[in-house]
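Student: Got a structure for you, questions after.
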Amino acid sequence: MTDERWVWEYAFHTEDEAGYPKAVRDEVKAVADQIVELACLGIDPADLGEPTPGTARRHMLPSGGWFETQALPRMRPRLLAVVLVVPPPHLL
């Protein structure tokens, strides 16, 4: 049996807890949790969000910012890496 579970985390730990306002971290967590829930149901996270020039996908935050994810399905557990966070200017 293969591990079909997905998890998410920040690709660069400097972008984790201390790097952004709490409101932005909370929004990233909420949206990333939703993406992981869908991925665990069998929806390919590489199909969610808006495409970027590379292989990442862009996801909008309710506050107006956005973040990008990279799906790494060959890792165990499967990983949705948050590779870039762009907070809205009014929250900086």
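The values are calculated or read from the model by the stated rules, or taken from the named source; none is laboratory data. Quick caveat, the model's predicted, so the values are computed rather than measured. Neighbour counts run over all protein chains shown; Cβ positions are idealised from the backbone, glycine included. Just so you know, the surface numbers come from the protein's heavy atoms only, side chains and all, with ligands and any DNA or RNA stripped out. Shrake-Rupley method; radii C 1.70, N 1.55, O 1.52, S 1.80 Å.
Student: Go through E4, E50, E37, E27 for me and flag whichever is touching a strand residue (DSSP E or B) at 6+ places or on another chain (Cβ under 9 Å), of a type in the set (D, E, K, R) and open to solvent by less than 40 Å² (accessible area, probe 1.4 Å).
Tutor: Selected residue: E27, the only one of E4, E50, E37, E27 that is touching a strand residue (DSSP E or B) at 6+ places or on another chain (Cβ under 9 Å), of a type in the set (D, E, K, R) and open to solvent by less than 40 Å² (accessible area, probe 1.4 Å).
Student: Can you find, within the range 23-52, the residue that is farthest from H90 (Cα to Cα) among those that are of a type in the set (A, V, I, L, M) and outside any helix (DSSP H, G or I)?
Tutor: So the residue we want is L41.
Student: Mind counting the residues in the range 53-87 that are assigned to a loop (DSSP other than H, G, I, E, B), open to solvent by less than 60 Å² (accessible area, probe 1.4 Å) and farther than 16 Å from L38 by Cβ?
Tutor: Residues that pass the stated criteria total 7.
Student: May I ask you to say which residue of E37, E68 is farther than 11 Å from W6 by Cβ, modelled with pLDDT of 90 or more and not aromatic (F, W, Y)?
Tutor: Criteria check complete, one pass: E68.
Student: Which number in (1) crowded, with 19+ Cβ neighbours inside 10 Å; (2) part of a strand (DSSP E or B); (3) of a type in the set (D, E, K, R) marks the one condition that E9 misses?
Tutor: (1)
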